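The next block holds one structure in the form of structure tokens; read it before the comments.
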Amino acid sequence: MNTKALITGTGHFVPSKVVTNFDLEKKMDTSDEWIRQRSGIVERRHVEPGVGSSDLAYEAALLAIEDAKIDKSEIDFIIAATLSPDHYFPGIGVIVQAKLGLSGIGALDVRNQCTGFIYALSVADQYIKTHSYKRILLVAAEVQSSNLNYSDEGRDMAVLFGDGGGAVILEPNEKNDSRGILSTHLFSDGRFVSDLWMEKPSPKDNPTFSEEFFKNKKFFPEMDGRNVFKNASEKMPEAVRIALKHNDLSIDDVDHLIPHQANDRISQMVARSLKIPIEKVIRNIDRFGNTTSASIPIAMDEALKGRIIKEGDIVVLTAFGSGYTWGSAVIQF
Ligand code: UT7
């Protein structure tokens, strides 16, 4: 039997500043009632100026390292997922590495937006299974609050997204029992790039920054909410079914489903489609909004620390987002 990758530590970190729906009412034509009804979100966290996704990732990483009861010097590879890196380049992998004082080891950046954690988990899983690395730090973190359009024009997105970071440590299951990552399944459809994207800045424009750039405001993320909603509600259950079939599992075998926290209505539709009791679906979007790549590791850490997920439980992850990209993973904890 192949060595499986075990998640041996988790951590999450969110900024302390709470932004309620009522706070957003003051900035744009929206209401607490609309946001709750359409998304299930009550509040989200925003960073203070000067804080980047690498800072949230670093804090989450420290907590995951502590939880795994390892010394940070034992980490031999870093994978970082974000759509909101501190800089256009380089990615945050190397910045997190430097903050941890781990110069020299490899640091890989994953750019798969809301599905970033599952894509990154899949990469980590392959490295562990093939004995390439022994202790991988996987971080996923986002700072979105600094580049949302808080006018009426951008209200569909501005109310949804929040800042936060999550991290996990992956190690080989030396006992070779049934625990570990059982499989990961990745999908994408690049025909829908413009359904959810931040179009600019783009090196295709020469010069990249011009009067036009500031006038057109294409530097704010844009989303065709209805299309994304429809596709997310279909593709996430589809990815879960593929994952269960691959492992010869039925929906009754699943102890918990952790969907990317995109919109609580989407999570409920995914549950209905899969006929999984809603109590088995981990949901925390009410408190954090949609934190993109960080939403699954934040929810996972909360569920583990709250003893909702217990040793031996079968947990299925699924996500959908910009790209489009989507995917699933089955883990026995
Ligand atoms: O993270 C992965 C990717 N993201 C997602 O999965 C998000 C997917 N999409 C969604 O969650 C939903 O489409 C939204 C929450 C963004 C919007 O909800 P919806 O039920 O699809 O609303 P809608 O876009 O159909 O808009 C309904 C109305 C529109 O007004 P009219 O045209 O009916 O007069 C919007 O202009 O709601 C309006 N609206 C708002 N009203 C108050 C849009 N945003 C807001 C707002 N406050 N924040």
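Counting each DSSP H run of 4 or more residues in the chain as -39500 (n - 2.57), what helix-only mean residue ellipticity at 222 nm follows after dividing by all residues, to the nearest 500 deg cm²/dmol? Counting only the DSSP helices, I get -9500 deg cm²/dmol. Among Arg191, Arg287, Arg135, sorting on how many other beta-carbon atoms sit within 10 Å of each Cβ, with the fewest leading, yields Arg191, Arg287, Arg135.
Convex hull volume of the Cα atoms of the chain, normalised per residue: 133 Å³.
Tell me the angle of helix 264-274 to the major Cα principal axis of the chain, expressed in degrees between 0 and 90 and rounded to the nearest ten. Around 40 degrees separate the two axes.
What angle, in degrees between 0 and 90 and rounded to the nearest 10, separates the Cα long axis of helix 53-67 from the longest principal axis of the Cα atoms of the chain? Rounded to the nearest ten degrees, it is 20. Taken about its Cα centre, the chain carries a charge dipole of about 420 debye when Lys and Arg each add +1 at the Cβ and Asp and Glu each add -1 at the Cβ. Beyond 18 Å, the tail of the calculated P(r) for region 130-210 holds 69 percent of the Cα pairs. Comparing mean-square fluctuations of Glu59, Glu311, Glu238 from a GNM of the chain with C-alpha springs under 10 Å, the top value falls on Glu311. Annotation: the residues Thr10, Thr115, sorted from fewest to most other C-beta atoms within 10 Å of their own C-beta, follow the order Thr10, Thr115. Beta bridges assigned by DSSP with both partners in the chain are antiparallel in approximately 70 percent of cases. You can think of it this way: the chain between Asn2 and Glu199 has 66.7 nm of extra reach, that is 0.36 nm per residue less the Cα-Cα gap. Listed cross-link partners Lys275/Lys310; Lys17/Lys230; Lys17/Lys310; Lys17/Lys134; Lys99/Lys129; Lys27/Lys204 are compared with a 26 Å cut-off, the Cα-Cα value being larger for Lys17/Lys230; Lys17/Lys310; Lys17/Lys134; Lys99/Lys129; Lys27/Lys204. Each part gets one Cα centre, and for region 215-245 versus region 128-145 those centres are 23 Å apart. Across every direction, the projection of the convex hull enclosing the Cα atoms of region 5-172 has a mean area of 9.9 nm².
Averaging the sequence gap over all C-alpha pairs within less than 8 Å and six or more residues apart, then dividing by the number of residues, gives the chain a relative contact order of 26 percent. Taking every DSSP beta bridge that has both ends in region 251-333, the antiparallel portion is near 60%. Between the Cα long axis of helix 295-305 and the first principal axis of the chain there is an angle of about 50°, rounded to the nearest 10. Centre-to-centre, using Cα atoms only, region 71-115 and region 42-57 are separated by 17 Å.
Around the amide H of Lys134, modelled in the peptide plane, lie the amide H atoms of Asp76, all under 5 Å away and 5 or more residues distant in sequence or on another chain. By the count of other C-beta atoms within 10 Å, a proxy for reagent exposure, Ser73, Ser267, Ser39 are ordered fewest to most as Ser73, Ser39, Ser267.
FYI, it's all coordinate maths here, none of it is from the lab. Treat the numbers as computed from the prediction; the structure is a model and nothing was measured. Note that we place each Cβ from the backbone using ideal geometry, even for glycine, and neighbour counts take in every protein chain shown.
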